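A.B. asks: Right, I'll just put the structure down here and ask away after.
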Amino acid sequence: MDSDLRLEHEAKKLHFIEMDLIVQFPRIGNKGKYLSYNVTFIKREKGVVLSKKIVKLETIIENPEFEKQSHTVGFYKYFSGEGEALKPEYLEIRRIDNVEELWLFLNALDI
C-alpha cells in the first residue's frame, strides 16, 4: 500500500452530510488548537469529488457558508461504493449546532 493511501486509510474522517463535505484528520502531525490543524478537505456534489486539498481547519470553520447552518456530521473510517453510490459507513452521527459542539465531538473522537 503506498504511503498516501495508507495515511488516508488511517485518517479520522468526518462527513458534513448536508454540505457533502469530507474533512480528514491525519493520524499524526497535528497538535495544539483544532483551528490550526491541517486537514484534507474534500468538496463533493452528488457523491462526485469536485475538489480535494489540504487546508487549515479554520479555513473551513470560518467560512460564512459553513457558519450559517447546523450540520449533521458522520464519523467514519471506511466507505463503500464509488461515485454517486459512495456511502460512508458511519460509526457515529451527531447534530452540530455551533463550533463548541464540534470541538466536543472532536474531543470525544480523540482527534
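A.B. asks: Condition test on Lys31, is it out of contact with any Pro (no Cβ under 9 Å at 6 or more places or on another chain), more than 17 Å from Leu104 (Cα to Cα) and exposed (fewer than 11 other Cβ atoms within 10 Å of the Cβ)? So that I can check it myself, show each step before the final result.
C.D. replies: Details: out of contact with any Pro (no Cβ under 9 Å at 6 or more places or on another chain): yes; more than 17 Å from Leu104 (Cα to Cα): no; exposed (fewer than 11 other Cβ atoms within 10 Å of the Cβ): yes.
No; evaluated as a whole, the condition is false for this residue.
A.B. asks: Let me ask another. For segment 86-111, what are the residues that are in a loop (DSSP other than H, G, I, E, B) and either loosely packed, with under 13 Cβ neighbours inside 10 Å or touching a helix residue (DSSP H, G or I) at 6+ places or on another chain (Cβ under 7 Å) (or both)?
C.D. replies: Asp97, Asn98, Asp110
A.B. asks: Condition test on Phe41, is it surrounded by 15 or more Cβ atoms within 10 Å (Cβ to Cβ), at negative phi, hydrophobic (A, V, I, L, M, F, W, C) and not in a strand (DSSP E or B)?
C.D. replies: no
A.B. asks: Still on this structure: Which pairs have Cβ atoms under 7 Å, sit 6 or more apart or on different chains, and link a residue in segment 89-101 that is closer than 14 Å to Phe16 by Cβ to one that is surrounded by 13 or more Cβ atoms within 10 Å (Cβ to Cβ) and of a type in the set (Ser, Thr, Tyr)?
C.D. replies: The qualifying pairs are Tyr90/Tyr76; Ile93/Thr72; Arg95/Thr72.
A.B. asks: If you go through segment 39-68 one residue at a time, how many are among the hydrophobic types (A, V, I, L, M, F, W, C) and farther than 12 Å from Gln24 by Cβ? Even if it seems obvious, please write down each step before you answer.
C.D. replies: As a first pass, look at segment 39-68 and keep what is among the hydrophobic types (A, V, I, L, M, F, W, C): 39, 41-42, 48-50, 54-55, 57, 60-61, 66.
Filter once more, keeping what is farther than 12 Å from Gln24 by Cβ: 48-50, 61, 66.
Qualifying residue count, segment 39-68: 5.
Yes or no, residue by residue, for (1) over 15 Å from Trp103 (Cα atoms); (2) part of a strand (DSSP E or B); (3) modelled with pLDDT under 95:
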site: Leu5; (1), (2), (3): yes, no, yes
site: Glu8; (1), (2), (3): yes, no, yes
site: Ile22; (1), (2), (3): yes, yes, yes
site: Gly29; (1), (2), (3): yes, no, yes
site: Gly32; (1), (2), (3): no, no, yes
site: Ser51; (1), (2), (3): yes, yes, yes
site: Val55; (1), (2), (3): yes, yes, no
site: Ile60; (1), (2), (3): no, no, yes
site: Gln69; (1), (2), (3): yes, no, yes
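A.B. asks: With respect to Leu14, is the statement that it is in contact (Cβ under 8 Å) with a residue 24 or more places away in the chain, surrounded by 11 or more Cβ atoms within 10 Å (Cβ to Cβ), under 19 Å from Asn107 (Cβ atoms) and touching a helix residue (DSSP H, G or I) at 6+ places or on another chain (Cβ under 6 Å) true?
C.D. replies: no
The values are calculated or read from the model by the stated rules, or taken from the named source; none is laboratory data. The structure displayed is predicted, hence computed values, not measured ones. As a convention, Cβ positions derive from the backbone with ideal geometry for all residues, glycine included, and neighbour counts pool all protein chains shown.
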